[in-house]
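The block underneath contains the structure these notes are about, expressed in structure tokens.
Derivation of every value follows stated rules applied to the coordinates shown; laboratory data play no part. All values derive from a computational prediction rather than experimental measurement. Methodologically, a virtual Cβ is constructed for each residue, glycine included, from the backbone with ideal geometry; neighbour enumeration extends over all protein chains shown.
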Amino acid sequence: LLGQVRERALELGCASAVITVHPHPQQVLSSGFKAAYLVSLEDRVERLRDIGLDVVAVLDFNEAMARTPAREFIRQVSETFRLAELCTGPDFALGRNRDGDLASLRELGGQLGFKVNTASPLVLDELPIS
């Protein structure tokens, strides 16, 4: 997926960017949930930059963000980053109650002027990796 983001940015002549959130959304949404991170936030950002992405944005996932509908969140992202294309995984969704599924994101993209591309699932030993 990240390789696709880099490739498409080069093809379109624009910057490549990734947005990540911290803390883990379940930590905010479910009391008692304790996230088990594979690497620290600092290491995650460094690894994303090492891949060659131009922009790595870390958003604070909080209760206000959790209540934000997908339409509003994507509108803000589109304006802030001048979004040309959104690359997602096959099971991607965002926004309050995950109301921003791929179909609705494609519709929003048509309205806001960006395209949605979905990467093929990564499979190992016939099992999808997500």
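Split the chain at each of the trypsin sites (Lys or Arg not before Pro) in a DSSP loop with at most 12 other beta carbon atoms within 10 Å, and the longest piece is 83-130. Taking a ≥ b ≥ c as the square roots of the Cα gyration tensor eigenvalues, with a/c under 1.5 meaning rounded and otherwise prolate when a/b beats b/c, else oblate, which class fits the range 84-127? Verdict is oblate for the range 84-127. For the pair Asp101 and Val39, a Förster radius of 35 Å applied to the C-beta separation gives a FRET efficiency near 0.80, rounded to the nearest 0.05. In this simple spin-label model, placing a label point 7 Å from the Cα along the Cα-to-Cβ direction at both Ile51 and Arg6 gives a separation of 0.9 nm.
Neighbours of Val28 by Cβ distance under 14 Å: Lys/Arg scored +1, Asp/Glu scored -1, total +1.
Here's the picture: a label point sits 7 Å out from the Cα of Asn117 along the beta-carbon direction, and within the range 1-41 the residues with their amide nitrogen under 18 Å of it are 1-19. How would the range 4-96 be classified by its alpha-carbon gyration tensor: rounded, prolate or oblate, with rounded meaning a/c under 1.5 and the a/b versus b/c comparison settling the rest? Since a/c reaches 1.5 but b/c is at least a/b, the shape of the range 4-96 is classed as oblate.
Here the chain carries DSSP beta bridges of which approximately 30% are antiparallel, counting only pairs with both residues inside.
The chymotrypsin sites (Phe, Trp or Tyr not before Pro) of the range 1-78 meeting both criteria, a DSSP state outside H, G, I, E and B (loop) and at most 11 other C-beta atoms within 10 angstrom of the site's C-beta, are Tyr37.
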